[in-house]
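The values are calculated or read from the model by the stated rules, or taken from the named source; none is laboratory data. Bear in mind the structure is a predicted one, so any value in this text is a computation, not a measurement. All Cβ positions, glycine included, derive from the backbone under ideal geometry; neighbour counts span all protein chains shown. The protein model used for the area step is the full one, side chains on, heavy atoms only, and it has no ligands, DNA or RNA in it. Shrake-Rupley method; radii C 1.70, N 1.55, O 1.52, S 1.80 Å.
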Amino acid sequence: MTKKLPPGLRPETLAIRTAIEPSQYGENSETLYLTTSFVQPDAATSAERFASGQGYTYARTSNPTVTSFEQRLAALEGAEAAIGASSGMGAILMMIMGLLKAGDHVVLSRSMFGSTLNLFAKEFGKFGVETSFCSQTDVDEWRAAVRPNTKLLFAETPTNPLTEVCDIAALAEIAHKAGALLAVDNAFATPILQRPLSLGADIVMHSGTKFLDGQGRVMAGALCASQQLVTEKFAPVVRTAGMVLSPFNAWVVLKGMETLGVRMRAHCANTLAIALWLEAQPQVARVYYPGLPSHPQHALAMRQQGGLGGGVVAFELAGDTPEAARAKAFHVLDSCELLTLATNLGDTKTIISHPATTSHGRLTEVQRQACGISQGVIRLAVGLEHPEDIQDDLLRGLRGLTSA
Ligand SMILES: *Cc1c(COP(=O)(O)O)cnc(C)c1O
């Protein structure tokens, strides 16, 4: 039921054209099939569909709009298949339930998304899944962390908020030597910047809530992998556990993906301009952005991300004490008249946030220092407004601060 397309199409085209076949009405924009159940033509077909899981029966198993979303994302990631989930975290839950059991071991980067760390260490620690944490950037730590019972390595690159980059190809080699799989959270980079499967990863995990939608409207998630992993490991979990992607959310993100390429390039251009500008501001002590030559993994990032730095930049305001640094950061946040104070990213609207008291607020000060997220760090998820308007808004707060 996939729409027939000529071979050899490029990602920009696949993002717009990949979908299931249109209905008998020949609609040009993909239909939103807002239905939970599907009328069966006869009892034998119904029995066969229920037995095989093929064909449409009930929306917890599949829905045509969700199928279009899955086909389009798989095409962009260069994957054989993809499977939708209710959110990015729902996708990770599906991956854990599909691949791991008590006694299995997982290696994660210490700098991963906070909820990801909690889901593995806290929630699945209760069920006997063991987790080790490694440096984002030191490949030797990953190699040393692998054990005979290691089943999965899971990385995220670049990380939130300090944009640390890990070497996907090197981690894939470590995983495969150990007979384990490598999964990569590609929410920050998107397939426009990096396609982890082409670098050796086995699974790509997405939060569609971020750049894929791109306008901060709905929650969505997905896993991209081989047809075998999707059919045998992941689809049965969604069908029984129910972290299913809603057809409406799938439709919103499906249409969002059509503009992913132009949006990502514009996000990256805006973010680079602002990162360079921030580096020139006397009040700013340090800027974290993979597109800057000052970034410790700049060369790796440019190689791995197609020469683009991404849509997130962090910067640090120095203070004599953590309290003083926090006061400076709060002053900049509260002086903004344009930027949004929120905790999302990948939106057309620029979002400013203070990681130490929000996304990383549950860590102790010592843990935060260990991962470099001081009280003076501000994260910008740069949107598509004019970059000079974003700079002018930041200046409202920076202007009153002493130099670093
Ligand atoms: C937001 C995010 C997630 C979780 O996705 P949700 O859709 O919010 O569940 C996972 N990883 C990264 C890198 C994210 O930014």
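Numbers at a glance
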{"quantity": "Of residues in the range 92-110 being within 24 Å of Q227 (Cα to Cα) and in a loop (DSSP other than H, G, I, E, B), the one nearest to the ligand (Cβ to nearest atom)", "calculated": "L100"}
{"quantity": "In the range 115-139, the residues that are part of a strand (DSSP E or B) and not acidic (D, E)", "calculated": "T131, S132, F133, C134"}
{"quantity": "Residues (under 24 Å from E164 (Cβ atoms) and hydroxyl-bearing (S, T, Y)) located in the range 234-293", "calculated": "T271, Y288, Y289"}
{"quantity": "Criterion (over 29 Å from R286 (Cβ atoms), crowded, with 23+ Cβ neighbours inside 10 Å and more than 9 Å from the ligand (Cβ to nearest atom)) met by exactly one of L193, L182", "calculated": "L182"}
{"quantity": "The range 334-362 - residue that is exposed (fewer than 15 other Cβ atoms within 10 Å of the Cβ) and assigned to a helix (DSSP H, G or I) and, of those, nearest to the ligand (Cβ to nearest atom)", "calculated": "T357"}
{"quantity": "Residue match in the range 390-399 (condition: assigned to a loop (DSSP other than H, G, I, E, B), over 14 Å from N270 (Cα atoms) and in contact with a helix residue (DSSP H, G or I) (Cβ under 9 Å, 6 or more places away or on another chain))", "calculated": "yes"}
{"quantity": "Verdict on A187 being crowded, with 20+ Cβ neighbours inside 10 Å and over 16 Å from the mean Cα position of the chain (by Cα)", "calculated": "no"}
{"quantity": "I174 among the hydrophobic types (A, V, I, L, M, F, W, C), over 23 Å from R263 (Cβ atoms) and touching a Phe, Trp or Tyr at 6+ places or on another chain (Cβ under 6 Å)", "calculated": "yes"}
{"quantity": "Residues that are charged (D, E, K, R) and away from the ligand (no atom under 13 Å from the Cβ), drawn from the range 116-171", "calculated": "K122, E123, K126, E130, D138, D140, E141, R143, R147, K151, D167"}
{"quantity": "Residue within the range 44-52 that is in contact with a helix residue (DSSP H, G or I) (Cβ under 9 Å, 6 or more places away or on another chain) and either among the small types (G, A, S) or surrounded by 14 or more Cβ atoms within 10 Å (Cβ to Cβ) (or both) present", "calculated": "no"}
{"quantity": "Candidate set: the range 305-333, residues that are over 20 Å from L193 (Cα atoms) and buried (at least 20 other Cβ atoms within 10 Å of the Cβ); chosen: the one nearest to the ligand (Cβ to nearest atom)", "calculated": "F315"}
{"quantity": "Selection status of F113, within 13 Å of the ligand (Cβ to nearest atom), open to solvent by 40 Å² or more (accessible area, probe 1.4 Å), more than 23 Å from Q228 (Cβ to Cβ) and assigned by TED's automatic domain parsing to the domain that holds V244", "calculated": "yes"}
